[in-house]
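> Okay, here's the structure, questions in a sec.
The values are calculated or read from the model by the stated rules, or taken from the named source; none is laboratory data. Treat the numbers as computed from the prediction; the structure is a model and nothing was measured. Here the Cβ is made from the backbone with ideal geometry for all residues, glycine too, and neighbour counts use every protein chain on show. What goes into the accessible areas is simple: the full protein's heavy atoms, side chains included, and nothing from ligands, DNA or RNA. Shrake-Rupley method; radii C 1.70, N 1.55, O 1.52, S 1.80 Å.
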Amino acid sequence: MSLFAALRLPREILFGKRQRHALPTVAGRFGRRALVCTDERFAGTAVFAEIVKSLQAASIEVLVHDRVLPDVPRDSVSICVEEAEKFRPEMVIGIGGGSCLDFAKCADLLLSHGGTLQEYYGEFKVPGPTLPLIAVPTTAGTGSEVTPVAVISDPDRTLKVGISSPYLIAAVALCDPELTMTCPPALTAIAGADALTHAIEAFTAKRRGEDPSLAQQHVFIGKTALTDHFALLAIELLGRSLEKACTDGTDADARADVMMGALAAGCAFGTAGTAAAHAVQYPAGALTHTAHGLGVATMMPYVMTYNSRVVAAEMAEIGAALGLEAKGRSAEEMADATIGEIRRLFATIGITPTLADLGLPADKLDWTADQALGIDRLIKNNPRPFDVTAMRRLVQAAHDGDLAACAM
């Protein structure tokens, strides 16, 4: 097999304690008027007031939109854009969790190209560059600070929808783990499990060849040599520190590991893509109204079991990155141990073990499976193919907690 790689990333990634203090200098390179998108909770913190004051001290005018809602309701973005148009921002700064960063991407898109968000659903619908976007995450999970995707809620659709384009990638990702220190244990766990799921699905994604048109026609293109590098780094960091960060939120080193793990996972799946665990979560999450990270993490051991027969070697590498002893074990034995370790870790940090426990009704399992199978951009990335029967069996197994049924 010849070497093939692809990677789409911000122009600049800054990571480390106190890096938030570099924001005025970074923003000053893009202009003197900044639209800042965040949520009401973070807007009320002393840290946010300090950030705004530092921008203003650097002669940067700031318009704050502090009404970002979870899951980015579609029409909330147009309200922000209408308010910001007269301000004529020269850049957009998203500060907060994944919803704040996705909201900033969407506001930036409409300020740059107009129209409605519906016009951009899908892949490669954004016609050109947007205003410079600076992404400042305050949680460690989605990786949105480095990805080409924004996910929103459309009231006319049951499932969340995505806008995917390289033009949505932030110009700068500014990641300061000190901003995650106040995240409560439950949010730390769900966000970190989301990041670990991103990394595992990116590393086990289907390898889709070397066609020169592949990356020009698809945003997610499967695993490559470079995405593998970032995925394994994410798995190693999250494997060694996620549990610590959930147990002791004041552990600065663990917080840094988890945030770097989420960042690295974003670098991996932003090009490689995710797969079946995410596909099932879209309909399951729509029915249960549960957090995205919780849903994908619930599905992950079942999807790993389903895929293990075709990616046992990759599973063994994941296990090694998690610190499992490989000596004397076959790839298949190592794969089983890896799945066991993911289950142990997720159980320890409080991830729900089954779809039934998430509240998915038994009479909605076939609908969930059928909807998941229809999300082609994710299903085509899964290393083991699905048909209707296989997907329904996977969803039933995840509902019942029957891991063995997934291996059929």
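> Just grab the label-to-label distance for A407 and R88, each label 7 Å out from Cα along the Cβ direction, in nm (one decimal).
6.6 nm
> So for each of 36-46, 372-382, 172-182 I average, over its residues, the number of other beta carbons within 10 Å; can you give me the resulting order with the highest mean first?
Output ranking for 36-46, 372-382, 172-182: 172-182, 372-382, 36-46.
> Roughly how many nanometres apart are two label points built 7 Å out from the Cα toward the Cβ at E333 and R384?
2.1 nm
> Quote the Stokes-Einstein diffusion coefficient, in whole µm² s⁻¹, for the chain, based on the Kirkwood radius over alpha carbon pairs, a temperature of 4 °C and a viscosity of 1.567 mPa s.
The calculation lands on 61 µm²/s.
> Return the long-range amide H neighbours of V36 (sequence gap of 5 or more, or a different chain), with a cut-off of under 5 Å between placed amide H atoms.
L63, V64, H65, I93
> Right, here's the next one. Show the residues, 5+ positions off or on another chain, whose built amide H is closer than 5 Å to the amide H of G401.
Close amide H contacts, sequence-distant or interchain: L355.
> Additional query: Going toward the positive end of the dipole of the chain, with +1 on Lys and Arg Cβ and -1 on Asp and Glu Cβ, which of T352, Q281, L3 do you reach last?
L3
> Over the C-alpha atoms of the range 1-69, what are the Rg and the largest Cα-to-Cα span, Dmax, in Å?
16.1, 55
> So what's the convex hull volume per residue for the Cα atoms of the range 1-147, in Å³?
Cα convex hull per residue, to the nearest whole number: 138 Å³.
> Treating only the Cα positions of the range 311-408 as identical point scatterers, give the base-10 log of I(q)/I(0) from the Debye formula at each q in 0.14, 0.18, 0.22, 0.23 Å⁻¹.
-0.65, -1.00, -1.21, -1.23
> For the chain, with only Lys/Arg (+1) and Asp/Glu (-1) charged at the beta-carbon, what is the dipole magnitude about the Cα centre, in debye rounded to 20?
Approximately 640 debye in magnitude.
> Could I ask something else about it? Specify the angular offset, from 0 to 90 degrees and rounded to the nearest 10, of the alpha carbon long axis of helix 74-85 from the longest principal axis of the alpha carbons in the chain.
Its long axis makes an angle of about 20 degrees.
> Please report, to one decimal in angstroms, the Kirkwood hydrodynamic radius of the range 265-312 built from all distinct Cα-Cα pairs.
11.5 Å
> For the chain, what % of the accessible area comes from carbon and sulfur atoms, probe 1.4 Å?
That fraction is 52 percent.
> Another question, if that's okay. Run the paramagnetic zone check for A356: 7 angstrom along Cα to Cβ, then residues of the range 380-394 with backbone nitrogen under 20 Å.
Residues passing the 20 Å test: 391-394.
> What order, most packed first, do the peptides 96-105, 77-86 have when packing is the mean number of other Cβ atoms within 10 Å of each residue?
96-105, 77-86
> According to the square roots a ≥ b ≥ c of the eigenvalues of the Cα gyration tensor, what is the shape class of the range 226-315, taking rounded for a/c under 1.5, prolate for a/b larger than b/c otherwise, and oblate for the remainder?
oblate
> How large is the accessible surface per residue of the range 99-162, computed with a 1.4 Å probe and reported in Å² as a whole number?
31 Å²
> Can you give me the distance in nm between label points at Y121 and A326, each placed 7 Å from the Cα along the Cα-to-Cβ direction?
Taking the simple label geometry, Y121 and A326 are separated by 4.4 nm.
> Here is a further query. Tell me, how many Å apart are the Cα centres for the range 1-74 and for the range 222-268?
Computed from Cα coordinates, the inter-centre distance equals 21 Å.
> Compute the long axis of helix 252-272 from its Cα atoms, compare it with the longest principal axis of the Cα atoms of the chain, and write down the angle in degrees, 0 to 90, nearest 10.
For 252-272 against the chain, the angle is about 80 degrees.
> Follow-up question, since we're still on this one. Highest first, please rank the peptides 308-318, 228-238 by the mean number of other Cβ atoms sitting within 10 Å of their residues.
Listed from highest to lowest mean packing, they are 228-238, 308-318.
> Related question: From the phi of every residue in the range 392-407, what ³J(HN,Hα) in whole Hz does the Karplus formula 6.51 cos²θ - 1.76 cosθ + 1.60 yield, where θ is phi - 60° and glycine or proline is x?
3J(HN,Hα) across the range 392-407, in whole Hz: 5, 5, 4, 5, 4, 5, 5, 6, 8, x, 9, 4, 4, 5, 6, 7.
> Kindly provide the pair-distance distribution of the range 260-384 built from C-alpha pairs, with 10 Å bins from 0 and whole-percent values in order of increasing distance.
13, 40, 37, 10, 1
> Once fully extended, how much extra length lies between D248 and A5, figured as 0.36 nm per residue of separation less the alpha-carbon to alpha-carbon distance?
This chain segment gains 83.7 nm when fully extended.
> Next question, about the same structure. Quick one: compute a quarter of the convex hull surface over the Cα atoms of the range 185-282 and quote it in nm².
6.3 nm²
> Report the extension gain between Q216 and E40 in nm, rounded to one decimal, defined as 0.36 nm multiplied by the number of residues separating them, less their alpha carbon distance. The partial results should precede the final answer.
Working: separation 176, 0.36 × 176 = 63.36 nm, distance 3.85 nm.
My answer for the length gained is 59.5 nm.
> Normalise the Cα radius of gyration of the range 50-115 by 2.2 N^0.38 Å (N = residues in it) and let me know the number.
So the range 50-115 has a normalised radius of gyration of 1.10.
> Percent of Cα-Cα pairs more than 12 Å apart in the range 310-366, please.
Percent of Cα pairs beyond 12 Å in the range 310-366: 68.
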